[in-house]
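Please read the structure below before turning to the comments.
The values are calculated or read from the model by the stated rules, or taken from the named source; none is laboratory data. Predicted model, so just to flag it, every value in this text is computed and none were measured. Positions of Cβ are backbone-derived with ideal geometry, glycine not excepted, and every protein chain shown enters the neighbour counts.
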Amino acid sequence: MTNKEFFIKSWKNWATSLSKAILALPNDPQKLAFTHHPSFRSPWELVNHIAPHAIEVAQGATAGKVDLVNEGKFDINGPNTYKSTAEAAKAVEDNTAKLISVLEKLDDNTWATQMTPIFWGPMQIMEMPLCEIGWMMHNDMIYHTGQLTSYYRVIGAEQPSVAGPTYEQEVAMMAQANAN
């Protein structure tokens, strides 16, 4: 399996988890705006930060550059924010399909070596090979999904199973195992 093939497989798997995590959020704007600390992103800011990552990586492959959206403390009512959890989850799924389609057509050498600038607005903040950008965005998606999972119980939502069983699922499995 090549690096690109492993990336595609890994992205597909985690995008499924991210979509599930987004759909588990309540559609209550007050709960979605809650933060543990003023410097932390809210659940909705996290969703709107990580959901566009597939578009950003695909842009790197097709346009030879990446324009980051929803970085830092962005306007949560801005032009690049989703209107609902269902819309955000669908965007993750649709944009993952587009990313995979683009990458499947891309040769392994371009994936590994194409130097790709990353822009935040008009400012170029770095440049690296496309594969490194892809893996950086993949890891960022995982990292921020982890942050997102710290909110469910606090905002009164059921903790979704994102990367394995939840505490509640483990307790139920243990109880069932002990009952047998």
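So here's what we get for this one:
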| item | result |
| --- | --- |
| Cβ-Cβ under 6 Å pairs, at least 6 apart or on other chains, the range 1-12 side closer than 12 Å to residue 100 by Cα, far side outside any helix (DSSP H, G or I) and of a type outside the set (S, T, N, Q) | none |
| Which listed residue is farther than 22 Å from residue 142 by Cα and touching a strand residue (DSSP E or B) at 6+ places or on another chain (Cβ under 8 Å), from 79, 117, 122 | 117 |
| Check on residue 89, surrounded by 13 or more Cβ atoms within 10 Å (Cβ to Cβ) and either in contact with a His (Cβ under 9 Å, 6 or more places away or on another chain) or under 28 Å from residue 128 (Cα atoms) (or both) | no |
| Selection count, the range 91-146, where residues are among the polar types (S, T, N, Q), in a helix (DSSP H, G or I) and either more than 22 Å from residue 45 (Cβ to Cβ) or over 19 Å from the mean Cα position of the chain (by Cα) (or both) | 4 |
| Checklist (1) under 18 Å from residue 148 (Cβ atoms); (2) touching a residue at least 24 places away in the same chain (Cβ under 8 Å); (3) surrounded by fewer than 18 Cβ atoms within 10 Å (Cβ to Cβ); (4) touching a Phe, Trp or Tyr at 6+ places or on another chain (Cβ under 9 Å) applied to residue 44, failing item | (3) |
| Selection count, the range 91-101, where residues are without any contact (Cβ under 8 Å) to a residue 12 or more places away in the chain and not charged (D, E, K, R) | 2 |
| Close pairs (8 angstrom Cβ cut-off, 6 or more residues apart or separate chains): at positive phi in the range 52-76, among the hydroxyl-bearing types (Ser, Thr, Tyr) and buried (at least 16 other Cβ atoms within 10 Å of the Cβ) anywhere | 64/116; 70/81 |
| Criterion (assigned to a helix (DSSP H, G or I), in contact (Cβ under 8 Å) with a residue 24 or more places away in the chain, small (Gly, Ala, Ser) and closer than 18 Å to residue 24 by Cβ) met by exactly one of 172, 88, 157 | 88 |
| Given (1) modelled with pLDDT of 90 or more; (2) closer than 30 Å to residue 99 by Cβ, index of the condition residue 176 fails | (2) |
